[in-house]
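For reference, the structure is listed below as structure tokens.
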Amino acid sequence: MNSDTFRFSKSIKNLNSLLLILPMVLLFIGIYGGLMQTMFRAGIIQSDPFVGGDYYKGLTFHGVLNAIVFTTFFAVALGNALIPYSLKKHLNSKIAWTSGIMMLVGSVMAAVVILLGEATVLYTFYPPLKAHPLFYIGLTLLVVGSWLASYNWVPMYLQWRKENVGKKTPLAVVGMMTTFIIWFIATLAVAAEILFMLLPWSMGLVDEVNVMLARTLFWFFGHPLVYFWLLPAYVMYYSFMPKIAGGKLYSDMAGRLVFMMFIVFSIPVGTHHQYMDPAIGAEWKLLHGIFTFGVALPSLITAFTLAASLEYAGKKRGGKGLFGWMRKLPYFEKEKWFFAYLILGLFIFIFGGIGGIINASYQMNTAVHNTAWVPGHFHLTVAGPVLLAFLGGSLYLIGQFMHKEIRCKGWALISPYVYTVGLFIMSYGLKIGGLKGMPRRTNTGASYANPDSILYQQDWIFYIDLSVIGGVLMFIGIIMYLVSFFGTVFSKSSSTEEGAVITFPISEPYHDEPAKWLRNFKPYIIIAIILIVLSYTPVILDVLEATYGGSLPYSPNSPVPLR
Amino acid sequence: MDKSEKIAFTLSGMLLILFFGGIVYAAIVEDIDVPTCITNMEPFESDTLFQTGPDSYELQMVARMWSFQPSVVTLPVGSTVDLYVTSQDIIHGFKIERKNVNLMAVPGAINYMRVTFNEPGEYLFACHEFCGAAHHTMAGRIIIEPEMTEGP
């Protein structure tokens, strides 16, 4: 066995396959929900033709299944694959299975109560809208299961460090550990929100809840969640993409610096989602805005480093001149289908990143907050680079773990292109509609887009229709992908191996500096904690001082409280 | 770290500082700000509109499932309004089209923004936070009437 491969046990092989296949089924349900959303908004349908229920139920399972369930599973599966592979150490399979089962049970539980219409609270589950307690318990199991998966990696990492004094930790491991350090700190707040506030309140043990406090705790989690989505994609960009393109990673140090900067700046920024909220001082909102600019920096560095890596690859493949290398990259090579998922995601992220900086820009948020601009923006991040990288990664991993040749490679290659075209059309429609005042999370088909309604807004209609066209194309793109994914899953394996021998396209660095100051997480975690305390203490104090009374629980169907 | 990398890092930092300059400019020169924490306002449960000066008004608005109270506000052109918004039940959102007013209406808290209407016309405000089954019907209008000649 050479150093480019690692043999996983049969038990871990089965677990990781399960962690990839089941969320793909849930993702399909979620994406179906997404397609229906565009139809509801345009007034084409008034109730869901297959699963029943209204726009808001569909919006809830679209958000929860795609943005929370699918992403968490993939991050865990990628870590379960990359960390043992890079460190050449075995996972503790008991812990890994316990974590996997908790996540599976939790996700299915949450999905079932949503589909039964008992948790139409959207994926932000703001109180005082109340969901069935099983919704909160399901989400908790999913999060705790993912914690457990990462606890499994810590002793492996520490052991490796002990055995390899003076060596650099593989960049992919640094990236995965960073992802889960941020995830752990951020989810502490939402765990507190759920376990101490929402769950006892939804079960009737506590009467009232402080809505602003719950909301603030949610956003403590809600923005770092974005980096929990993004960072596994960054790991694949830094580790895989240069190698697949036929080049090297331009700077190893830049990669390490970027991950450490994410640890420092990912969390003390959540209040930029609450610029328009009461009970939080504007000066603290500005402070969170400044830190948000800090967290934009590693993404700008990433844009440079990855472009430089691709330029190196393109020139090696014969590209000439300032831009000639761009034409030499393997955009349409069937055997390098994975490259398309990564490069398209990066291209989309140019627009996603600009949109993010606009949203974070303090007063400018007034023009866009909670308008359709916002889903237009975040589909260019979480449903752009993140989704495409995760889909490409899932297909690659399933081929590796099940030891199967990828089926329908042509479909797999074209899928991200179809999807990307659809995504740009849909997001353009949502963003411009939003600038015209169209609200997000709103079933416009039943009012603003209905010519018979007194609320009819004629100048929104074109943009609403654009999002239908885009949505249909996105859906077709995903179906093409699923043909390839499930075609691969259900094909016959040529292997008679007990376990699975895995390999990853890990890039070599072009510039490789010792960067001793970037080798230890500890100082960066300490700085992060200091920034969190500084930025959140005044926010929480403001909220506690300026709010009055508590809130009884409500159902989305009645203006009368539930008790 | 090689030269081009250093240039890229510096330019990235400068770009962000430039954007930050834009925020400072908007705050100081254009006087546009985001809502802040207010503690000097008594909680209110019903809506009120009253005049506080020749061209200034105070409007206390209540959002509830699924309407704003008041849902239609008529004011003369040139009015400056001190706008207070709260919710009686769950979270709602309030944005006046073509104006720098975008406020979350949260139960147990009061949100505030001052706004001046210099252009006559109709301004739609639509609830923009999911507030239950009829959320998409929750909207209202501010009607700014043109200068009227004083009648007898």
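Readers should treat all values here as calculations from the given coordinates under stated rules, not as data from a laboratory. Here the structure is a predicted model, which means the values were calculated and not measured. Cβ atoms come from the backbone with ideal geometry, glycine included; neighbour counts cover every protein chain shown.
Would you mind checking the pairs A:Lys89/A:Lys516; A:Lys13/A:Lys168; A:Lys162/A:Lys248; A:Lys316/B:Lys6; A:Lys168/B:Lys6; A:Lys243/A:Lys316 and listing those with alpha carbons more than 20 angstrom apart? Violating the 20 Å Cα-Cα cut-off are A:Lys89/A:Lys516; A:Lys13/A:Lys168; A:Lys162/A:Lys248; A:Lys316/B:Lys6; A:Lys168/B:Lys6.
Note on A:Lys431: lysines with a C-alpha under 21 Å away, same-chain residues under 8 apart excluded, are B:Lys95, B:Lys99. Taking every DSSP beta bridge that has both ends in the protein assembly as shown, the antiparallel portion is near 65%. Remark: mean inter-chain Cβ contacts per residue of B:11-23 equal 4, using a 10 Å Cβ-Cβ cutoff to other protein chain atoms. Of the GluC sites (Glu not before Pro) found in segment B:1-45, those that fall in a DSSP loop while having at most 13 other beta-carbon atoms within 10 Å are B:Glu30, B:Glu45. Toward the positive end of the charge dipole of the protein assembly as shown, about the Cα centre and with charges on Cβ (Lys, Arg +1; Asp, Glu -1), which of A:Phe323, A:Ile114, B:Phe44 goes farthest? Value computed over the given set: A:Phe323. Using 20 Å as the cut-off for backbone N distance, which residues of segment A:364-395 belong to the label zone defined by a point 7 Å from the Cα of A:Phe347 along Cα→Cβ? Flagged as within label range: A:377-393. The distance between label points at A:Gln458 and A:Leu544 comes to 5.5 nm (points 7 Å beyond Cα on the Cα→Cβ vector).
Legend: ranking of residues A:His62, A:His369, B:His128 from fewest to most surrounding C-beta atoms inside 10 Å; resulting order A:His62, A:His369, B:His128. In order along segment A:514-521, phi translates into HN-Hα couplings of x, 6, 4, 6, 10, 9, 10, 6 Hz, rounded to whole numbers, per the Karplus curve 6.51 cos²θ - 1.76 cosθ + 1.60 with θ = phi - 60° and x for Gly and Pro. Each of B:Met1, A:Met474 has some number of other Cβ atoms within 10 Å of its Cβ, and from fewest to most they run B:Met1, A:Met474. Put in order of Cβ neighbour count within 10 Å, fewest first, the listed residues A:Met197, A:Met326 become A:Met326, A:Met197. So in segment B:48-145, what percent of DSSP beta bridges are antiparallel if you round to the nearest 5? Expressed as a percentage, antiparallel bridges in segment B:48-145 total about 65. May I ask for the percentage of alpha-carbon pairs in the protein assembly as shown that lie more than 44 Å from each other? Percent of Cα pairs beyond 44 Å in the protein assembly as shown: 22.
Each of B:Ile91, B:Met61, B:Thr116 was scored by the projection of its Cα onto the charge dipole of segment B:48-145, and the greatest displacement toward the positive side belongs to B:Ile91; charges sit on the C-beta of Lys, Arg, Asp and Glu. Around the Cα centre of chain A, unit charges on the Cβ atoms of Lys, Arg, Asp and Glu (plus for the first two, minus for the last two) sum to a dipole of about 1840 debye.
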